[in-house]
Amino acid sequence: MIVPGSASQELAAALASELDEPLAAVEYDRFADGETLVRVPDGDDRAVVVASTVSDTAHVELLQLQDAARSQAEEVVTVLPYMGYARQDEAFEAGQPVSARAMARAISTGTDRVVTVNPHEGVVCDFFDVPCTPVDAAGRLAESLPELVDPLFLSPDAGAIGLAETVRNAYGVGETDYFEKIRHSDTDVEIRPNDADTTGRDVVLVDDIIATGSTMSTAIAQLSDPSRVFVTCVHPMLAANARTKLATAGVDAVYGTDTIERAVSAVSVAPTVAEEL
Ligand code: R5P
């Protein structure tokens, strides 16, 4: 039985269809004091909880779903299409928590294993007290792209070049390259131009996540006279005015997956996740 979190209902339905497993009609409630409550109908021996932890509320809801599922199913598998707090994978200053570890420990208590999609760093999986399998769904982004002319697949920093290569390989043709990125703050990033020639070419920017949109919009500003600019990411968080930032930066289209359900979620990670279930 596939048990959806309220923020992952599209993906959960796609996964149920992919696996030919029943989809639980979970009820989500909220009390007057703001606390949430869920009700999971009785189901199979195995419950697969599918919930992106896109907010603190979604984290609490996931723990509730796991607990409800645990009281009915013999095995609980947790699919974290997008794991919130994963970018806080170290204590950046003395006295700070490793927030990704704290979240992973809490999630581990309610499940037998975890499957997560393109975690920000692989180390995140080590934080769980149960087996955690990372899956790479970046290749699916190639399905969303139109026919490209002389394409260049660019990552905004060296760390994401593997994703750009994965999308290029899935698309079948094109060059890859990356920018050098220096982050000054949450919203202030500096991108150093590289020597890749972008004049008259279709440029596909690839990253794991677009959060504030600062990284992508700054990267777009470095492109010299491209033909078209497509922005792709696995996790289209698109917080605050990120989508507008990208539009004003001159992007032709934004494509993401359904790990975070947004208007730009053009492709589903369901087939990739299903292979691990
Ligand atoms: C950082 O290393 C990540 O790969 C992303 O580039 C970053 O988190 C995106 O954040 P934002 O959209 O806020 O610049």
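Some notes on this structure:
- Looking across 108, 52, one residue alone is within 18 Å of residue 211 (Cα to Cα), open to solvent by less than 30 Å² (accessible area, probe 1.4 Å) and among the polar types (S, T, N, Q). It is 52.
- Within region 189-246, considering residues that are assigned to a helix (DSSP H, G or I) and of a type in the set (Lys, Arg), the one farthest from the ligand (Cβ to nearest atom): 243
- Inside region 184-231, residues that are touching a residue at least 12 places away in the same chain (Cβ under 8 Å) and closer than 30 Å to residue 93 by Cα make up a count of 22.
- When region 188-206 is filtered for residues that are open to solvent by 70 Å² or more (accessible area, probe 1.4 Å) and more than 18 Å from residue 251 (Cβ to Cβ), the ones remaining, listed by number, are 188, 192, 195, 197.
- One residue stands out among those in region 238-262 that are of a type outside the set (D, E, K, R), within 19 Å of residue 117 (Cβ to Cβ) and without any contact (Cβ under 8 Å) to a residue 40 or more places away in the chain: the one that is surrounded by the fewest Cβ atoms within 10 Å (Cβ to Cβ), which is 239.
- For residue 150, the criteria (1) in contact (Cβ under 8 Å) with a residue 40 or more places away in the chain; (2) part of a helix (DSSP H, G or I); (3) not basic (Lys, Arg) hold in every case but one, which is (2).
- Identity of the residue in region 160-187, assigned to a loop (DSSP other than H, G, I, E, B) and within 16 Å of the ligand (Cβ to nearest atom), that ends up least open to solvent (accessible area, probe 1.4 Å): 179
The values are calculated or read from the model by the stated rules, or taken from the named source; none is laboratory data. In this text, all values refer to a predicted model and were calculated from it rather than measured experimentally. Cβ: placed from backbone, ideal geometry, glycine included. Neighbour counts: every protein chain shown. Protein only, heavy atoms only, side chains kept; ligands, DNA and RNA dropped before computing areas. Shrake-Rupley method; radii C 1.70, N 1.55, O 1.52, S 1.80 Å.
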